[in-house]
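I have placed the structure first, in the form of structure tokens, so that the comments after it can refer back to it.
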Amino acid sequence: MMSLRAPRSTRRAAVAALLTFLFGGLTACTAAGLAGPAKNGAVTPSAPSRSPARALVARPRPTGPRPPLPAPAALVPFTDAGSGSSGSAGAWRSAGRLVDGMPAVYEATLVPPGAVLPAGIAWMDTKLLSARLYSGSISPGGLGYKFTAPVLPDAAVTLVAAFNGGFKMADAHGGYYTEGRLIDPLVTGDASVVIYASGAITVGAWGSDVGMTQDVVAVRQNLVPLVAGGRPTALAAGPDWHAWGNTCGLKSCAASVPGIDHQWRSGLGVTADGALVYAVGPALDPLQLAQLLVRAGVVRGLELDINPGWPVFAAYRPATPNGLAAPSNGTKLLATHLGAATFFQQSYARDFITMSARPLPGGRTS
């Protein structure tokens, strides 16, 4: 299978056909058989992308018992985006329950360069939110995890948002550590989501940006960095999209059907001031995913799960401040195959990350 991209006209025709396929009753399918990239360290950053990062600009926010991050500035649309752009593209809207009386999650849509379909972007205030890794029998594999689906009522009372994890470990080409257990060895240079005992969360290359300390409670690795130094990595910008995982075909996820570069992809990154950013889209190649993260201010980022059956971001806003998050009060960021009920299903066996309201001093929640 050729690794060079097809002409833009061919790619746009493929995207149109893909859209018809995706929203015609597609069933979930897995991503398998990753052609693994090198493991000898973080990829050297490429030249600046066509769409440089938009800096986050401070905006007034209410004074509360803990200072929040500055709210994100509106995202500037890409100048070479297709017809999916609109006047509201890049404008943030609040999502999920309020924390300290203010939004802790903002969502926006943006059409990536050269594309016609909008992608979704979620910005999360890590000063107001606490992260937790949930594990499953499929990824990372095994049983006996304290935190596994479904999200239970004691966690649902503070849940604000949740999103998918990465590949199955055989395809992630990296490690997994949680609840004091090393499920798979951690790989130097791999892109890593790291969660600390305080609930803080960050993303970086293992062994350089991040590493093991006594405060680390979870590490989820998936491939090598997609964004480093505030720009797409050389591998993200290169022609070998197969290095970022095997994809479904245009009309089928059968193993016999050739995969396509423009497919459902999700990614995660951190900004210079520590905000967490998630991006997802239905017809993205690796570079477009990286460009979306960079446009939202990400300085270090990685690809999460891909293909139609796995990406999902959901935010929850119960009717009362301390009400339980539930599928009935959840909304998903984009029209993904999975929805807000995913993380409340006992049968869900993949890893995922929750973002919950941080407790106030004395153990109270807002």
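Points to keep in mind about this one:
- Residue in the range 99-114 that is polar (S, T, N, Q), modelled with pLDDT of 95 or more and in contact with a Gly (Cβ under 6 Å, 6 or more places away or on another chain) present: yes
- Any hit, the range 180-188, residues being among the charged types (D, E, K, R), touching a residue at least 60 places away in the same chain (Cβ under 8 Å) and surrounded by fewer than 24 Cβ atoms within 10 Å (Cβ to Cβ): no
- Residues in the range 305-317 that are open to solvent by 10 Å² or more (accessible area, probe 1.4 Å) and either free of Cβ contacts under 8 Å to residues at least 12 places away in the same chain or not basic (Lys, Arg) (or both): TRP310 alone.
- In the range 318-339, the residues that are outside any loop (DSSP other than H, G, I, E, B) form Cβ pairs under 7 Å with partners that are open to solvent by less than 30 Å² (accessible area, probe 1.4 Å) and hydroxyl-bearing (Ser, Thr, Tyr), at six or more places apart or across chains, as follows: ASN329/TYR316; GLY330/TYR316.
- Screening VAL298 on (1) under 15 Å from the mean Cα position of the chain (by Cα); (2) open to solvent by less than 10 Å² (accessible area, probe 1.4 Å); (3) under 18 Å from SER94 (Cβ atoms) shows it passes everything except condition (3).
- Scanning the range 115-148 for residues that are β-branched (Val, Ile, Thr) and either open to solvent by less than 10 Å² (accessible area, probe 1.4 Å) or touching a residue at least 60 places away in the same chain (Cβ under 8 Å) (or both) gives VAL116, ILE121, THR126, ILE138.
- The range 86-119, residues that are touching a helix residue (DSSP H, G or I) at 6+ places or on another chain (Cβ under 9 Å) and either among the small types (Gly, Ala, Ser) or within 18 Å of ALA275 (Cα to Cα) (or both): GLY90, ARG97, GLY114, ALA115, ALA119
- Within the span defined as the range 254-266, every residue fails to be more than 19 Å from ASN307 (Cα to Cα), buried (at least 19 other Cβ atoms within 10 Å of the Cβ) and not small (Gly, Ala, Ser).
The values are calculated or read from the model by the stated rules, or taken from the named source; none is laboratory data. All of these numbers come straight from a predicted model, not from anything done at the bench. In this analysis, Cβ positions are derived from the backbone assuming ideal geometry, glycine residues included, and neighbour counts consider all displayed protein chains. Ligands, DNA and RNA are excluded from the accessible area calculation, which covers all protein heavy atoms including side chains. Shrake-Rupley method; radii C 1.70, N 1.55, O 1.52, S 1.80 Å.
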